[in-house]
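Just below is one structure, and these are the notes that go with it.
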Amino acid sequence: MSERPTAAAPSTTTEVTRALADIEAAKLFAGQDVAECLDAIGDLIRIIGAPETVYAWVVEALSRENLRAFAAQNRITLHWSRASDAEQLPRTAVIWTADGTGMAIAPARQHPKTTLLQLREEIAQREEDKQRARDFQASVAAGHVEDVDTWHARTSQAQK
């Protein structure tokens with residue numbers, strides 16, 4: 001574990017002192033990498049003097065990294081919209097390619113947690129659509145002759 005203490009300097013506020021004490025307590029149960037990260041967060045709190053601001057920044061940075069990792073895992077490139085406020089997208093849009101990769105365009109200034117949730121919804125919808133297509137092809141292979149809309153209405157009623 002890092003030898004660098006995150007104890008508060010004598011002139012710090014109560015909030016800073018409490019935040020640094022919480023960090024020291026958290027370091028007792030953390031591995032070396034996490035302890036070093038907590039030390040860096042403690043340093044920021046000491047410099048800025050506003051724990052809530054630092055925590056909000058850390059949460060956003062971790063959320064953004066989580067979003068990037070999730071997008072990469074699902075072979076989605078992520079782009080942030082540069083549209084003006086009047087032209088802004090209402091939510092994240094994903095454009096899928098035939099090879100299964102995707103390009104997501106997220107509204108500018110949208111929180112990464114919201115974008116992650118919307119990406120998960122888009123992936124779930126795509127999987128549902130792919131399953132529906134496989135089911136339709138199996139129905140056709142079984143000799144059913146109908147259009148997609150009729151098939152969907154028939155199978156949707158059967159599931160209820």
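Protein heavy-atom accessible surface, 1.4 Å probe, per residue over the range 110-160: 70 Å².
Could you look at the chain and say what percent of its accessible area is carbon and sulfur, using a 1.4 Å probe and all protein chains? Could you put the intermediate results ahead of the total?
Numbers: 6120 of 10660 Å².
C and S atoms contribute 57 percent here.
The long axis of helix 112-141 is offset from the longest Cα principal axis of the chain by roughly 20 degrees. Scaling against 2.2 N^0.38 Å puts the C-alpha radius of gyration of the chain at 1.61. Across the range 35-51, rounded Karplus estimates of 3J(HN,Hα) from the backbone phi angles (6.51 cos²θ - 1.76 cosθ + 1.60, θ = phi - 60°) give 4, 5, 5, 4, 4, 5, 5, x, 4, 4, 4, 4, 6, 7, x, 9, x Hz, Gly and Pro being marked x.
Averaged per residue, what accessible surface does the range 30-84 expose to a 1.4 Å probe, in Å²?
Working: 3460 Å² over 55 residues.
It amounts to 63 Å² per residue over the range 30-84.
The values are calculated or read from the model by the stated rules, or taken from the named source; none is laboratory data. Everything numeric here is computed off the predicted structure, so don't read it as measured data. Ligands, DNA and RNA are stripped out before the accessible areas are found, and what is left, the full protein with its side chains, is counted by its heavy atoms. Shrake-Rupley method; radii C 1.70, N 1.55, O 1.52, S 1.80 Å.
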